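Visitor: Provided herewith is a single structure, encoded as structure tokens, for subsequent inquiry.
The values are calculated or read from the model by the stated rules, or taken from the named source; none is laboratory data. Given the structure is predicted, the values throughout are model-derived calculations rather than measurements. Note: ideal-geometry Cβ built from the backbone for every residue, glycine included; neighbour counts use all protein chains shown.
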Amino acid sequence: MENNNRNNYENGENNNKNKIVLFILGVATVLVALIGATFAYFTSVISKPNGDQSVLVTTTTVEGVTYTASDPLVLVDAVPGDYAETTFTISNPNASANVKYGLKFVPDLDDFTNEEGDNQLVITITGGQIMESKKIDYTDGENAVEQIIIDEVSLAASETDEYTVRVDFFETESVQNTNQGKNFAGHIEVTQSIITTSGD
């Protein structure tokens, strides 16, 4: 009798452990799916004079647009001359329909200050449907906000746009002591994806 009670107790305990493990795996799976659908992941090359390089490529389809991208652009303990650069693509997988999409840059962390002047920390976006390079000054971290890069551009069926995004901590003629050792991180987001007819 005592053995039966002990076996029942142990079986119940094992079942509870299994339920907890399955619950944790389910939550982790949902989180990964949500994160993958939210951010644009792109190929990343981070260049620091004494830093490491890393590359991550992921492909995701959201609302008719497929994009490849990477880790956010990141500068850690930055010194003048540091930069991070990444390329990403926006593709239209539809065989007969155009899509419209927009892109924005989101600063996740910006410790920089413009006490010693602006245009020290600059994001540059080129390629794709940007006629000339788009530059965003993020030196004033206290007032850093999301910036629209392009809005409602059309992409023909089965076509791909490729972009390059770069953040530079430029050397200036000033001392720049205030911003040495500061950190910056930001990422690209797809702001919309509207499927249109081929004629739009």
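Visitor: Can you tell me which residues in region 161-200 are assigned to a strand (DSSP E or B) and among the basic types (Lys, Arg)?
Guide: ARG166
Visitor: In addition: Hey, GLU162 hits all of (1) touching a strand residue (DSSP E or B) at 6+ places or on another chain (Cβ under 6 Å); (2) among the charged types (D, E, K, R); (3) crowded, with 18+ Cβ neighbours inside 10 Å but one; which does it fall short on?
Guide: All conditions pass for GLU162, except number (3).
Visitor: Which of the numbered conditions does VAL122 fail, given that it passes all the others? Conditions: (1) in a strand (DSSP E or B); (2) touching a Ser or Thr at 6+ places or on another chain (Cβ under 6 Å); (3) of a type outside the set (Phe, Trp, Tyr).
Guide: Answer for VAL122: the failing condition is (2).
Visitor: Could I ask something else about it? For a quick check of your reading of the model, give me the residue pairs whose first member lies in region 72-97 and is more than 30 Å from THR160 (Cα to Cα), whose second is of a type in the set (Asp, Glu) and loosely packed, with under 15 Cβ neighbours inside 10 Å, with beta-carbon atoms closer than 8 Å and at least 6 apart or on different chains.
Guide: Sorted first by the residue in region 72-97, then by its partner, the pairs are PRO80/GLU171; GLY81/GLU171.
Visitor: Quick one: count up the residues across region 170-200 that are touching an Asp or Glu at 6+ places or on another chain (Cβ under 6 Å) and modelled with pLDDT under 85.
Guide: So the count comes out to 2.
Visitor: Follow-up. I'm told SER158 meets every condition in (1) part of a loop (DSSP other than H, G, I, E, B); (2) within 18 Å of TYR83 (Cα to Cα); (3) of a type outside the set (Asp, Glu) except one. Can you identify the failing condition by its number?
Guide: Only one criterion in (1) part of a loop (DSSP other than H, G, I, E, B); (2) within 18 Å of TYR83 (Cα to Cα); (3) of a type outside the set (Asp, Glu) is unmet by SER158, namely (2).
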